[in-house]
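What follows is a single structure, written as structure tokens, with notes after it.
The values are calculated or read from the model by the stated rules, or taken from the named source; none is laboratory data. As the structure is a computational prediction, the values presented were derived from the model and not from experiment. Reconstructed Cβ throughout: ideal geometry from the backbone, glycine too, with neighbour counts over all protein chains shown. Just the protein is used for accessible areas: all its heavy atoms, side chains included, with ligands, DNA and RNA removed. Shrake-Rupley method; radii C 1.70, N 1.55, O 1.52, S 1.80 Å.
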Amino acid sequence: MFSVILNQTEMLVIYILIGVIGVKSGALSKDTLDQLSRYVMKIALPVMIFASSTSRITANEGRSALIIFAAAAVVYIVLFAAAFGFSKLFRLEKDRGRLYCALSAFGNIGFIGLPIIVAAFPERGILYLAIYSILDQGLLWTVGMKLSTPSDKFQKAGTLQTLKRFMNPAFAALILGAVRMFTGFPLPAILDATLTKVGATATPVSLIYIGGLFCYADISKYVRRAEYFAIAAFKMILVPILIVTVFKLLGLNGEIGMTLALLEGLPTVTALAMMANANGSDGDYAIGAIFITTIACIVTLPAVSYIAGMIM
């Protein structure tokens, strides 16, 4: 397990470095990065979400699905409550505090978590991830979208406008993927293979985008913000260790516990920076959280997998 996570982390670093090299060499520009962002948000990520929803839930797997969903719901409650407390502790202004709550709760499941979980659990990983993603993606594209929008803009929006914000390509793909997963609706082999290959581009393109974006960020002002390190310490280290400890004490499925621990140990999801920029919120602040937590995960993810393996 530890070697698998370490290998995936090394690939993450390489993709990010490619993005940095791309900008420094002139192959990528700010406009190019914006285009990559739109490609990921509107095409690659939705396709990846749908293409990954291949495992059908059977009656025998119902208990595992319930455990994953219930445990994830509890974890999200804890994360949002802790994030609200941290936003008060660090005296963040209203809209920045709202965005901080989203940055503290949502991990980079699609871009980083998917390849890690599939590599760690090749037989059951997709099923666990699909069940978890129903809650995670549903919250990200509703609650996350709201928190990444300035309060005055969101309050002025009517019901129809609010629904339009929520009905985006990724959320639509989630709904279609859930229907596919519960019904077992098959796709033609050629279509399924094509969608899988297109969806597979989401991870490298997103990480290249992150690397390129870091070149335009004022890194010095981010490393001085203590609230970013609070995310890394609480969400990416403490919570995963607590998850595997609770699963061990309750005698629950260790593989599910390890999956949840790895998912909660992920850095802040890239989509929040894209959402913040698109919605007129503080996109630079979101980039700071993504930068700090992504760099931190190079150390914390292997460390968490090693500690969790010893506990389980």
Classify the stretch 23-152 as rounded, prolate or oblate from the Cα gyration tensor: take a ≥ b ≥ c as the square roots of its eigenvalues, call it rounded if a/c is under 1.5, otherwise prolate when a/b beats b/c and oblate if not.
oblate
How would R180, R224, R124, R96 rank on accessible area, largest to smallest, probe 1.4 Å?
R224, R124, R96, R180
Exceeding 27 Å between C-alpha atoms, which entries from my cross-link table qualify? They are K94/K235; K42/K146; K94/K221; K24/K235; K42/K197.
K24/K235
Can you give the accessible area of T32, probe radius 1.4 Å, in Å² rounded to 10?
40
With the cut-off at 1.5 for a/c, could you classify the stretch 192-298 from its C-alpha gyration tensor as rounded, prolate or oblate?
oblate
Accessible surface of L191 - all protein chains present, 1.4 Å probe, nearest 10 Å²:
80
What FRET efficiency do you get for T142 and K88 if R0 is 22 Å and r is their Cβ-Cβ distance, rounded to the nearest 0.05?
0.40
Please identify the DSSP H helices in the chain that span no less than 20 Å along the helix axis (Cα) and have a mean Kyte-Doolittle hydropathy of 0.5 or more.
2-24, 62-89, 125-139, 169-183, 283-311
Roughly to the nearest percent, how much of the accessible area of the stretch 68-150 is carbon and sulfur, given a 1.4 Å probe?
67
The chain accessible area per residue, 1.4 Å probe, protein heavy atoms, integer Å², reads 44
For the stretch 1-96, what is the convex hull volume of the alpha-carbon atoms per residue, in Å³?
211
Can you bin the chain into rounded, prolate or oblate? Criterion: square roots of the alpha carbon gyration tensor eigenvalues sorted a ≥ b ≥ c, rounded for a/c under 1.5, prolate for a/b above b/c, oblate for the rest.
rounded
Residue-averaged 222 nm ellipticity for the chain, from DSSP H runs of 4+ at -39500 (n - 2.57), nearest 500:
-23500 deg cm²/dmol
